[in-house]
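Let me begin by presenting the structure, written as structure tokens, before commenting on it.
The values are calculated or read from the model by the stated rules, or taken from the named source; none is laboratory data. Predicted model only: the values in this text are computed from it and were never measured. All Cβ positions, glycine included, derive from the backbone under ideal geometry; neighbour counts span all protein chains shown. For accessibility, only protein heavy atoms count, side chains too; no ligands or nucleic acids. Shrake-Rupley method; radii C 1.70, N 1.55, O 1.52, S 1.80 Å.
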Amino acid sequence: MGLRELFEKDVQELENEGILFSTLRKLVSWGRSNSLWPATFGLACCAIEMMQSTNSRNDLARFGSEVFRASPRQADLMIVAGRLSKKMAPVMRRVYEQMPDPKWVISMGACASSGGMFNNYAIVQNVDSVVPVDIFVPGCPPRPEALVYAVMQLQKKVRGEVFDDKGLALPMVEGWKR
Amino acid sequence: MSKLKVAPGPAGKAEFETKLLRINVGPQHPSTHGVLRLVVDLDGEVIKRLSPQIGYLHTGFEKTMEHRTYQQGVTYSNRMDYLHGFAHDLAYVLAVEKLLGAQVPERAERIRVILTELNRIASHLMFFGTGILDMGALTPFFYTMRERERILDLFELVCGVRMNYGYFRVGGLAYDLPEEFIPATRALIAEFPAMLKQYEALFAKNDIFLSRTQGVGVISKETALAYSLTGSSLRASGVPLDHRQANPYSGYQDYDFAVPTATSGDVYARFMVRFKEMSESLKIVEQALDRLTPGPIQDPNRRISLPPRQELETSMEAVIFHFKLVTEGFHPPRGEVYVPTESARGELGYYLVSDGGSMPYRVKVRAPSLANLQALEPACLDGLFADMVMNIASLDPVLGDVDK
Amino acid sequence: MSAVALIQALGGKLTDQPQGYPAVALNPSQLPDAAKLAKEYGFVIMDVFGLDWLTYPGHRGKRFTVSYNLYHLETNSRLFLRVALDDGESVPSVTSVWPGANFLEREVYDMFGITFSGHPDLRKLLTPDELDGHPLRKDFPLGETPTLFNEGRFLDPAAFRAGLTGQDTGLTGFRGGARKGVKSGE
């Protein structure tokens, strides 16, 4: 069809013929949200539930997390699963800094989000003080379905479809600006 | 260090001197089964020295449990070894009950045994899944996880959670089993042997599995005993020690089950011992289910167990007991106690010191994985670096248990 | 002669704790001979741990006890060796007898500060290098810190527990109302 028809026809008609309109930003964030590759950062009990979320019953791979990359340089999502001890905190910061931008962090479980049931000399009380966290998942441990829900919320956040209480759209997350 | 003979190069030398290479494995590593850090000295691919650096998951359990009541300690014990949480719960609860002199009714004991053995099967399934995953085979992981999900469904029926249960109480259990549990467990027992045959078909005769596990990481009987190895790894080296039969607790003397042992002490033996243990645990579950009779599930002593909810509406004493138990907790007499049990990893025991207060004075967890990890060095020495991964997998450490 | 009797002949005294198992109290100097004797008898070391008696009501004697959990395979019997020592004293290491005591003694050193003379590699095992002090000692605080959230709120966990222990009301001073807590010995 000629260029003239492109301007004259309705958007719906064009979509039926296979031509979609979008912005580059939306396209890129759509691609990013559907291919979040987590880096393996399982620490304790939540790591077991994270492994269970990849098994055949709760398949995390259908949301795009096809592989859990062992090397942080090939991953863009870090799921902090388990209690973070103060000895491990510098290691975690280093792994986070090795991940290329854009990157996101899910804090899985009560221990990562707030120290959980351990408030003592050994556990970091909020992982947010070491790495910037996007999604907190409560639970001890959170069910695999809860982790899948968290990944879905992160996908929404990456695409910019998140709204606050008043109904105003929150800006799209640009990981490289943090 | 070694000297290799090569063809003479431009400088005319016919010998090539090498040095030891020190590399760091972990703590963030896909194959170390948790946050374990190893500092390895390599000569080519051969390991000359291995030094585990642990503590990256140190949570201060023992110190924290000194600031919680005895009943609240049950929430902490199963988070140490999160793969066999019921074993820690059982060991802790048995220790407190020994201190108190509590009488646990028979039904509660049998249900405890059923759940602990099911958890042992789930832990061994995870061992197989991740152990063979470390070898590079992805498929058995999904098969074993399928069975593990069924066992976790059973736990969810009883306790409401799949992992990190809060079901055992000092004096018995929190509440009774739901009706659906027994038919569901019997269905699992009926179908499980066929699944075990499937796993056997998947890897037991596989050439790659056999060549990567046979003769690898041999731990002799003397080395195993010198390094205080316990559990399935010790039984794979020829010592038939199983605390369920050597020092029976919680009614284990009533059940008829065998303790599989092997003599070769290599990775293959450790895998096969755990494989056979799964069917033995299933036998125990079946026998315990057959002997389950209706009855109370808590020690009737009101100073230890909470009174049933209906009594709170009519009896003032029940309300007072309830109040005291929930706010303050019970006071065991002064003394020290130790109860050895068998977890999926080895000998597990809680050494409790009581000073007469409502919180323990000292809780020492004899964690099996910490002692087992020491046997990693003799197993890996003069072996290849790739075999180290299999050695770690076969010793089955859980870092929560190691670092406490 | 049984192992227990031989160890008593070396100078140890039978104690009555823990319940149900024989336990022999020794001086640090008697420990190496007792350990070698136990090994000859066929005992295997299962655990080495420390006990701090600082706040134990009614305790007279030295501050620390290092306890050795030994197990005999053929007879399925257990024996505990208890060594009493004060702050600053050291205990001879048994790693030359049982190499499996290596990590176990390092853990006691890390948690209590008790040094083991003759240990091949005595350094911290579990706690980070930045942590000064020995956590399981009774005068080391639990280290409760508030959890800071992004909006600046914080939870004071000590207040929840002040009602139970009667100690340490935390940052807010709230004692949980009617629950004053029960300390041991009251």
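Return the residue satisfying two criteria in turn: it lies in region B:220-235 and is in contact (Cβ under 8 Å) with a residue 40 or more places away in the chain and more than 8 Å from chain C (Cβ to nearest Cβ), and of such residues it is nearest to B:Glu277 (Cα to Cα).
Step one: list which residues in region B:220-235 are in contact (Cβ under 8 Å) with a residue 40 or more places away in the chain, which gives B:220-221, B:223-224, B:227-234.
Filter again for more than 8 Å from chain C (Cβ to nearest Cβ), leaving B:220-221, B:223-224, B:231-234.
Numbers: B:Ser220: 21, B:Lys221: 20, B:Thr223: 23, B:Ala224: 20, B:Gly231: 11, B:Ser232: 9, B:Ser233: 12, B:Leu234: 13 Å.
Checked region B:220-235; the qualifying residue nearest to B:Glu277 (Cα to Cα) is B:Ser232.
Against the condition in contact with a strand residue (DSSP E or B) (Cβ under 6 Å, 6 or more places away or on another chain) and either open to solvent by 10 Å² or more (accessible area, probe 1.4 Å) or at pLDDT 90 or above (or both), how does C:Lys138 come out, does it pass? So C:Lys138 passes the test. B:Asp387: farther than 18 Å from B:Arg270 by Cα and not β-branched (Val, Ile, Thr), yes or no? Judged against the criteria, B:Asp387 is not a match.
For region B:93-112, the criterion of a residue being touching a Phe, Trp or Tyr at 6+ places or on another chain (Cβ under 8 Å), small (Gly, Ala, Ser) and touching a residue at least 40 places away in the same chain (Cβ under 8 Å) is satisfied by at least one position. Condition check for B:Leu384 on (1) within 14 Å of chain C (Cβ to nearest Cβ); (2) open to solvent by 10 Å² or more (accessible area, probe 1.4 Å): one failure, at (1).
Residues being touching a Gly at 6+ places or on another chain (Cβ under 7 Å) and more than 12 Å from C:Leu31 (Cβ to Cβ): count how many of those fall in region C:66-95.
Our first condition is that a residue be touching a Gly at 6+ places or on another chain (Cβ under 7 Å); within region C:66-95, this holds for C:66, C:72-74, C:84, C:92-93.
Right, trim to more than 12 Å from C:Leu31 (Cβ to Cβ) and you get C:72-74.
Number of matching residues: 3.
Could you tell me whether A:Arg25 is closer than 22 Å to A:Val158 by Cα and touching a residue at least 40 places away in the same chain (Cβ under 8 Å)? Against the criterion (closer than 22 Å to A:Val158 by Cα and touching a residue at least 40 places away in the same chain (Cβ under 8 Å)), A:Arg25 qualifies.
Each residue in region B:136-163 was checked for being buried (at least 21 other Cβ atoms within 10 Å of the Cβ) and in contact (Cβ under 8 Å) with a residue 60 or more places away in the chain, and 2 pass. Just to verify a result, which residue in region B:97-129, among those that are open to solvent by 20 Å² or more (accessible area, probe 1.4 Å) and in a helix (DSSP H, G or I), is nearest to the other protein chains (Cβ to nearest Cβ)? By that ranking, first place goes to B:Lys98.
The residues of region A:28-56 that are surrounded by fewer than 16 Cβ atoms within 10 Å (Cβ to Cβ) and touching a residue at least 12 places away in the same chain (Cβ under 8 Å), listed by number, are A:Trp30, A:Asn34, A:Ser35, A:Trp37. List the number of the failed condition for B:Asn247; all other conditions in (1) open to solvent by less than 40 Å² (accessible area, probe 1.4 Å); (2) within 30 Å of B:Asp290 (Cβ to Cβ); (3) at pLDDT 90 or above hold. The single condition B:Asn247 does not satisfy is (3).
Can you confirm whether C:Asp86 is within 17 Å of the chain's Cα centre (by Cα), surrounded by fewer than 23 Cβ atoms within 10 Å (Cβ to Cβ) and among the acidic types (Asp, Glu)?
Numbers: within 17 Å of the chain's Cα centre (by Cα): yes; surrounded by fewer than 23 Cβ atoms within 10 Å (Cβ to Cβ): yes; among the acidic types (Asp, Glu): yes.
In short, yes.
Quick check on region B:394-403. Is at least one of its residues open to solvent by less than 10 Å² (accessible area, probe 1.4 Å), at the interface with chain C (Cβ under 7 Å from one of its Cβ atoms) and in contact (Cβ under 8 Å) with a residue 12 or more places away in the chain? Yes - at least one qualifying residue is present in region B:394-403.
Considering region A:88-114 alone, what residues qualify as being of a type in the set (A, V, I, L, M), over 13 Å from the mean Cα position of the chain (by Cα) and over 12 Å from A:Asn126 (Cβ atoms)?
To start, the set of residues in region A:88-114 that are of a type in the set (A, V, I, L, M) comprises A:88-89, A:91-92, A:95, A:99, A:105-106, A:108, A:110, A:112.
Those left that are additionally over 13 Å from the mean Cα position of the chain (by Cα): A:88-89, A:91-92, A:95, A:99, A:110, A:112.
Those that are of a type in the set (A, V, I, L, M), over 13 Å from the mean Cα position of the chain (by Cα) and over 12 Å from A:Asn126 (Cβ atoms): A:Met88, A:Val91, A:Met92, A:Val95, A:Met99.
Checking B:Val353, B:Val339, B:Val363 one by one, the residue that is touching a strand residue (DSSP E or B) at 6+ places or on another chain (Cβ under 7 Å), open to solvent by 10 Å² or more (accessible area, probe 1.4 Å) and not in a loop (DSSP other than H, G, I, E, B) is B:Val339 and no other. For region B:273-303, the tally of residues that are in contact with a strand residue (DSSP E or B) (Cβ under 8 Å, 6 or more places away or on another chain) and in a loop (DSSP other than H, G, I, E, B) stands at 3.
Assess whether C:Pro92 counts as being open to solvent by 20 Å² or more (accessible area, probe 1.4 Å) and facing chain B (nearest Cβ under 10 Å). So C:Pro92 fails the test. For first residues located in region B:359-379 and more than 7 Å from chain C (Cβ to nearest Cβ), partners that are of a type in the set (Ser, Thr, Tyr) and in a strand (DSSP E or B) and lie 6+ apart or on another chain with Cβ distances below 7 Å form the pairs B:Pro360/B:Ser354; B:Val363/B:Tyr350; B:Val365/B:Tyr350. On inspection, C:Asp121 fails the criterion of being in contact with a Phe, Trp or Tyr (Cβ under 9 Å, 6 or more places away or on another chain), open to solvent by 20 Å² or more (accessible area, probe 1.4 Å), of a type in the set (D, E, K, R) and farther than 21 Å from B:Met65 by Cα. Of all residues in region A:77-128, those that are open to solvent by 10 Å² or more (accessible area, probe 1.4 Å), within 14 Å of chain C (Cβ to nearest Cβ) and either over 24 Å from B:Tyr76 (Cβ atoms) or aliphatic (A, V, I, L, M) (or both) total 8.
I want to confirm something. Restricting to region B:67-89 and keeping residues that are under 24 Å from B:Asp355 (Cβ atoms) and part of a helix (DSSP H, G or I), which single residue is nearest to the chain's Cα centre (by Cα)? Please lay out each step first, then the result.
Quick first cut of region B:67-89, residues under 24 Å from B:Asp355 (Cβ atoms) only: B:67-77, B:80, B:88-89.
The next check asks that each one be part of a helix (DSSP H, G or I); those that pass are B:73-77, B:88-89.
Details: B:Gly73: 18, B:Val74: 16, B:Thr75: 16, B:Tyr76: 15, B:Ser77: 12, B:His88: 8, B:Asp89: 11 Å.
For region B:67-89, the residue satisfying everything is B:His88.
Within region A:1-54, the set of residues being more than 11 Å from every other protein chain (Cβ to nearest Cβ) and touching a strand residue (DSSP E or B) at 6+ places or on another chain (Cβ under 7 Å) comprises A:Leu36, A:Trp37, A:Pro38, A:Met50. Among the residues making up region B:214-238, those that are under 15 Å from C:Ile45 (Cα atoms) and part of a loop (DSSP other than H, G, I, E, B) are B:Tyr227, B:Ser228, B:Leu229, B:Thr230, B:Gly231.
Scanning region A:58-76 for residues that are part of a loop (DSSP other than H, G, I, E, B), surrounded by fewer than 20 Cβ atoms within 10 Å (Cβ to Cβ) and in contact (Cβ under 8 Å) with a residue 24 or more places away in the chain gives A:Asn58, A:Gly64, A:Glu66, A:Val67, A:Ala70, A:Ser71.
If you take the residues in region B:273-299 that are open to solvent by 40 Å² or more (accessible area, probe 1.4 Å) and touching a residue at least 60 places away in the same chain (Cβ under 8 Å), which one is farthest from B:Phe168 (Cα to Cα)?
Of the residues in region B:273-299, the ones open to solvent by 40 Å² or more (accessible area, probe 1.4 Å) are B:276, B:279, B:283, B:286, B:290-291, B:293-294, B:296, B:298.
Filter again for touching a residue at least 60 places away in the same chain (Cβ under 8 Å), leaving B:279, B:286, B:291, B:293-294, B:296, B:298.
On the way: B:Ser279: 25, B:Glu286: 21, B:Arg291: 20, B:Thr293: 19, B:Pro294: 18, B:Pro296: 14, B:Gln298: 10 Å.
This residue is B:Ser279.
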